[in-house]
Amino acid sequence: MKSHLEMLGMKSDMISRSLNEGFSGGEKKRNEILQMLILEPEVIILDEIDSGLDIDALRAVSEGINKMKDGKRTFLVITHYSRILDYIEPDYIHVLKDGRIIKTAGAELVAQLEEHGYDAIEEA
């Protein structure tokens, strides 16, 4: 656990604190990644894990995700922004609209979204 704490830039006194008690937003997200590293689940859903993170926390969270990418786990990373994709490489990008996936492509879809926005995506 201590090596995971160090990698995530967390202080060791967090081990003795109650879950998320007095944590900042970034500390809560790092704590989620710590739990992921310890529990080693097969399916991981991260909903806006990058929201509100400063650059150091974003790098630490991304490093935790990348550490677990081994081809045996499934990650679903839900985000509205591409900045986390500067640190983790997706296998697929899915665009969801009205509860349906309307577009699936590779990482190249990020550039298209950045240039033209979500409204330019045509439903499949």
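None of the figures in this text is laboratory data; all of them are computed from the coordinates on show. Keep in mind that what you see is a predicted model, and the values were worked out from it rather than measured.
In table form, for the structure just shown:
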item: Under the Karplus curve 6.51 cos²θ - 1.76 cosθ + 1.60, θ = phi - 60°, whole-Hz ³J(HN,Hα) for the stretch 52-60, x wherever Gly or Pro sits; result: x, 8, 7, 4, 5, 5, 4, 5, 5
item: HN-Hα J in Hz across the stretch 14-26 - Karplus 6.51, -1.76, 1.60, θ = phi - 60°, x for Gly and Pro; result: 5, 4, 8, 7, 5, 3, 6, 5, x, 7, 6, x, x
item: For the stretch 63-72, Karplus couplings with θ = phi - 60° (6.51, -1.76, 1.60), whole Hz, Gly/Pro x; result: 4, x, 5, 4, 4, 8, 5, 9, x, 9
item: Beta bridges by DSSP in the chain, antiparallel share as percent, to the nearest 5; result: 50 percent
item: Percent of alpha-carbon pairs separated by more than 16 Å within the stretch 74-124; result: 35 percent
item: Amide hydrogen neighbours beyond the local backbone of V77, cut-off 5 Å, H modeled; result: L46
item: From the C-alpha gyration tensor of the chain, square roots of 5λ in Å; result: 30, 15, 13
